[in-house]
Amino acid sequence: MRHFAIVGSGPAGFYTAEALAKDYGENARIDIIDRYAVPYGLIRFGVAPDHQSLKAVAKRYDKVAESDNVRLVGNVTVGSDVGIEELAAIYDAVILAIGAPHDRKLGIPGEDLPGVVGSAGFVGWYNGHPDFAHLDPPLDGTHAAVIGNGNVALDCARILSKTRDEFQGSDIVGHALDALDRAATRTVTIFGRRGPHQIAMTPKELGELGHLQAASPIVDPADFPPPEADEGLDPGQRKSITILREFAATAPDPAKPKQMIFDFFAKPLRIEGEGRAERVIVERTRLDDGGRAVGTGETYEVPASLVVSAIGYSTPPMPGVAYDEAHGHFLNDHGQISDQLYCVGWARRGPTGTIGTNRPDGFEVAEKIAAQIGQGGRKDGRAGLDRLLESRGVELVTFRDWQKIEAAEGARARSGSPREKFTSIADMLAALG
Ligand code: NAP
């Protein structure tokens, strides 16, 4: 029998569990440990609440969690309730699947002013993440800004621009829905330090902006290279640019009170304001021969009382675990950090790709583990973990418990929503009775 501990119950953790269960069949016991009482990490706390079809992948993870050789161990924090080295003594292999929950810093003056929030916090706020449910971002101003040209920036800008009605069918938490409904936001400026050809947004997500009830996307036609330059792009990027060109060719709909302005070649230099964010000072950029943004020296200011920085994420270091400072994830060789210790997903390769990218990633690391540790170990596995947690008075939450929490969230949902999430661990545990 082989015993595996996977730390983190998001997509990377579940795909790795699926792969190990497949490789070892009945000869493996796999514990997926998560600090929260609810599983699925990015699916619950990261994927936008109005993208329910993306969240449907959780059904696949349910099946993994329900299989006999896999167990969810919720409400257990690795690092405080149990150490990595303790896990290594109990399990044959420990796989870190903790994602990349920390915001990359902008590194510009004014970044710490009230009203400037990282996308981890902003996304966590509208998704009911226990660490960010009380973020209370300022929505009293008419102007907001989002820094970054990736899909997370798009998510944040879209959520700021939707009407209450457009959240029908989503699982946005009630506190965010009410606050967004009361918000004074009329203009959301999305800053990209490079141009349309360099965006990291995907066509489906971009296309949605053309169909918002109350907001028009605005793109400056002068930001594009000649149309023939699009031919050299890969098909997905070409599709995105075609959509941006359509936005640029369409006048804002006068019936829509909100505007989403794409400000390309715009690099935020600093954020200013009296005691809170009021404006972003931006430098116009151009591309150098290597495709990097370089400042032109021309600066201007854009009003913004809320600034969301969506410029990528990093994995937090863990004591005693090798870390790649430059890239913000664990230092690893194709998923292996050290003897018995592995990483998968964003903790392995940084915050890139779609949810599905984590599947081959998990399967590759599972194969590597299988090749290195083979069959038949002498570790205690879950019995050892249970003894340790009991001795420390830590009460773990199982998959069955989570299903009870989920049922309670379903029962308190407002009409048209699949659930009203609990936003504190205490409320989740209280739902267990
Ligand atoms: P991302 O795709 O890496 O985009 C980060 C953006 O931030 C880039 O436009 C980057 O510009 C910009 N940036 C970085 N540093 C900056 C700085 N100092 N100043 C100004 N801009 C800066 O990251 P993400 O949006 O966080 O997304 C993470 C991953 O999740 C991606 O793979 C994304 O596709 C995925 N995701 C997918 C969906 C979906 O499928 N619906 C939704 C959300 C996220 P440069 O290119 O110039 O560096």
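The values are calculated or read from the model by the stated rules, or taken from the named source; none is laboratory data. In this text, all values refer to a predicted model and were calculated from it rather than measured experimentally. We place every Cβ from the backbone using ideal geometry, glycine too, and count neighbours over all the protein chains shown. Please note that ligands, DNA and RNA were not included when accessible areas were found on the heavy atoms of the full protein model with its side chains. Shrake-Rupley method; radii C 1.70, N 1.55, O 1.52, S 1.80 Å.
So is Ile311 under 20 Å from the mean Cα position of the chain (by Cα) and in contact (Cβ under 8 Å) with a residue 60 or more places away in the chain or not? Against the criterion (under 20 Å from the mean Cα position of the chain (by Cα) and in contact (Cβ under 8 Å) with a residue 60 or more places away in the chain), Ile311 qualifies.
Which is within 16 Å of the ligand (Cβ to nearest atom) and open to solvent by less than 20 Å² (accessible area, probe 1.4 Å), of Ile311, Ile243, Ile281? When all the criteria are applied, what remains is Ile281.
Report yes if some residue within segment 291-299 is within 15 Å of the ligand (Cβ to nearest atom) and not in a strand (DSSP E or B); otherwise report no. So far as segment 291-299 goes, yes, one or more of its residues are within 15 Å of the ligand (Cβ to nearest atom) and not in a strand (DSSP E or B). Take Gly416 and decide whether it is on the phi > 0 side of the Ramachandran plot, surrounded by 15 or more Cβ atoms within 10 Å (Cβ to Cβ) and not acidic (Asp, Glu). So Gly416 does not fit the description; no. Apart from one condition, Asn151 fits all of (1) within 15 Å of the ligand (Cβ to nearest atom); (2) open to solvent by 30 Å² or more (accessible area, probe 1.4 Å); (3) touching a residue at least 60 places away in the same chain (Cβ under 8 Å); (4) touching a helix residue (DSSP H, G or I) at 6+ places or on another chain (Cβ under 8 Å); the exception is (3). Residue pairs whose Cβ atoms lie under 7 Å apart, separated by 6 or more positions or on different chains, with the first residue in segment 387-413 and on the phi < 0 side of the Ramachandran plot and open to solvent by less than 60 Å² (accessible area, probe 1.4 Å) and the second in a helix (DSSP H, G or I) and charged (D, E, K, R), are Leu388/Glu86; Phe399/Glu66.
When the residues of segment 175-203 are filtered to those that are in contact with a Ser or Thr (Cβ under 7 Å, 6 or more places away or on another chain) and not in a loop (DSSP other than H, G, I, E, B), the one that is nearest to Pro227 (Cα to Cα) is Pro203. In segment 350-363, the residue that is nearest to Asp92 (Cα to Cα) out of those that are open to solvent by 30 Å² or more (accessible area, probe 1.4 Å) and more than 14 Å from the ligand (Cβ to nearest atom) is Phe363.
Screening segment 75-122 for residues that are part of a loop (DSSP other than H, G, I, E, B) and of a type in the set (Asp, Glu) and picking the one that is surrounded by the most Cβ atoms within 10 Å (Cβ to Cβ) gives Asp92.
Among the residues of segment 154-174 satisfying the criterion of being part of a loop (DSSP other than H, G, I, E, B) and more than 16 Å from the ligand (Cβ to nearest atom), which is most open to solvent (accessible area, probe 1.4 Å)? Explain how you work it out, then say what you get.
In the first step, residues of segment 154-174 are kept if they are part of a loop (DSSP other than H, G, I, E, B); the result is 162-164, 168-173.
Filter once more, keeping what is more than 16 Å from the ligand (Cβ to nearest atom): 163-164, 168-169, 173.
Numbers: Thr163: 35, Arg164: 101, Gln168: 118, Gly169: 35, Val173: 1 Å².
In this case the residue turns out to be Gln168.
When Pro254, Pro227 are screened for being more than 24 Å from the chain's Cα centre (by Cα) and either closer than 26 Å to Thr163 by Cα or within 16 Å of the ligand (Cβ to nearest atom) (or both), only Pro254 passes. Could you tell me whether segment 82-95 includes any residue that is within 16 Å of the ligand (Cβ to nearest atom) and within 21 Å of the chain's Cα centre (by Cα)? There is no residue in segment 82-95 that is within 16 Å of the ligand (Cβ to nearest atom) and within 21 Å of the chain's Cα centre (by Cα). Among the residues that make up segment 182-192, is at least one of them touching a Gly at 6+ places or on another chain (Cβ under 8 Å), over 19 Å from Asp155 (Cα atoms) and within 16 Å of the ligand (Cβ to nearest atom)? Taking every residue of segment 182-192 in turn, none turns out to be touching a Gly at 6+ places or on another chain (Cβ under 8 Å), over 19 Å from Asp155 (Cα atoms) and within 16 Å of the ligand (Cβ to nearest atom). Quick one: how many residues across segment 170-211 are within 23 Å of Gly291 (Cβ to Cβ) and touching a Leu at 6+ places or on another chain (Cβ under 6 Å)? Number of matching residues: 3. A Cβ distance below 6 Å, combined with a sequence gap of six or more or placement on separate chains, defines the contacts here; from segment 45-71, residues that are within 16 Å of the ligand (Cβ to nearest atom) reach residues that are among the hydrophobic types (A, V, I, L, M, F, W, C) and part of a loop (DSSP other than H, G, I, E, B) in the pairs Pro49/Ile172; Leu54/Val47; Lys55/Val47. Does any residue of segment 39-61 turn out to be touching a strand residue (DSSP E or B) at 6+ places or on another chain (Cβ under 8 Å), open to solvent by 10 Å² or more (accessible area, probe 1.4 Å) and not in a helix (DSSP H, G or I)? The answer is no; no qualifying residue exists.
Go through Ala366, Ala326, Ala347 for me and flag whichever is within 16 Å of the ligand (Cβ to nearest atom), hydrophobic (A, V, I, L, M, F, W, C) and crowded, with 19+ Cβ neighbours inside 10 Å.
Ala347
For segment 329-357, which residues satisfy the criterion of being in a loop (DSSP other than H, G, I, E, B), in contact (Cβ under 8 Å) with a residue 24 or more places away in the chain and closer than 21 Å to Met201 by Cβ? Once the filter is applied, which keeps residues that are in a loop (DSSP other than H, G, I, E, B), in contact (Cβ under 8 Å) with a residue 24 or more places away in the chain and closer than 21 Å to Met201 by Cβ, segment 329-357 yields Gly350, Pro351.
Can you find, within segment 129-148, the residue that is nearest to the ligand (Cβ to nearest atom) among those that are over 24 Å from Tyr36 (Cβ atoms) and surrounded by 23 or more Cβ atoms within 10 Å (Cβ to Cβ)?
Step one: list which residues in segment 129-148 are over 24 Å from Tyr36 (Cβ atoms), which gives 138-148.
Subsequent filtering for residues that are surrounded by 23 or more Cβ atoms within 10 Å (Cβ to Cβ) retains 144-148.
On the way: Ala144: 16, Ala145: 11, Val146: 10, Ile147: 5, Gly148: 3 Å.
Checking each candidate, the answer is Gly148.
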